[in-house]
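The values are calculated or read from the model by the stated rules, or taken from the named source; none is laboratory data. What you see is a predicted model; the values in this text were computed from it and never measured. Every residue, glycine as well, gets a Cβ built from its backbone with ideal geometry; the counts of neighbours run over all protein chains shown.
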Amino acid sequence: MYEGAVQDLIDELGRLPGVGPKSAQRIAFHLLQADPADVERLAHALTEVKARVRFCEVCFNVSEAERCRICSDDRRDRTAICVVEEPKDVVAIERTREFRGRYHVLGGAISPIDGIGPQDLKVRELLTRLADGTVTEVIIATDPNLEGEATASYLSRMLRDVGVQRVTRLASGLPVGGDLEYADEVTLGRAFEGRRLLDA
């Protein structure tokens with residue numbers, strides 16, 4: 001245990017995802033020893049991202065404008081929507097250069113243990129986007145883990161009721177229990193090419 005500001009910094013860093021107590025302590029002491037200009041740049045970047053970045057009004061990807069660059073790009077295919085859990089998954093899929101449609105970011109996955117149900121995700125907004133009949137394929141690209149599979153199953157049932165022609169899921173190539181952000185481009189690209197129709 002440290003005193004005052006040092007312990008406060010360690011506590012705050014420890015609240016970040018993936019940062020345990022020892023990592024938080026290492027980062028805190030790195031910042032203490034760092035050049036003040038470097039720390040100022042970090043503090044500025046943190047305040048800027050909170051002040052300027054929002055979620056796209058259409059797909060809920062991160063954006064500095066009301067619409068993200070993908071939703072603003074008229075060259076993107078309007079008939080295909082790829083549904084992902086988080087904005088980081090959009091980046092992972094974009095790196096493959098396999099998909100030229102648009103996205104919909106759910107903001108998480110169904111997880112009863114964590115108290116997250118469909119009503120806590122952007123499912124209603126997805127159904128609204130599909131209402132005009134422009135979209136003919138929805139690709140479900142949730143993580144291949146228990147929560148992602150539960151979310152995919154729920155979405156496939158919902159989407160069948162709204163008349164989407166094709167509801168597909170990313171194919172093999174992604175390890176079960178893994179996260180999209182850690183998949184390499186080749187693995188993710190193959191999974192995209194081999195996506196399959198979801199049956200009831």
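Brief remarks on what is shown
- Inter-residue pairs, beta-carbon under 7 Å, first under 12 Å from Thr142 (Cα atoms) and in segment 153-168, second assigned to a helix (DSSP H, G or I) and not aromatic (Phe, Trp, Tyr), 6+ apart: Tyr154/Pro118
- The listed residues are Val58, Val83, Val39, Val6, and the only one of them that is exposed (fewer than 15 other Cβ atoms within 10 Å of the Cβ) and among the aliphatic types (A, V, I, L, M) turns out to be Val39.
- Put simply, of Gly178, Gly107 the only residue that is out of contact with any strand residue (DSSP E or B) (no Cβ under 7 Å at 6 or more places or on another chain), over 24 Å from Cys71 (Cβ atoms) and of a type in the set (Gly, Ala, Ser) is Gly178.
- The single condition among (1) over 17 Å from the mean Cα position of the chain (by Cα); (2) modelled with pLDDT of 95 or more; (3) of a type outside the set (Asp, Glu) that Cys82 does not satisfy is (1).
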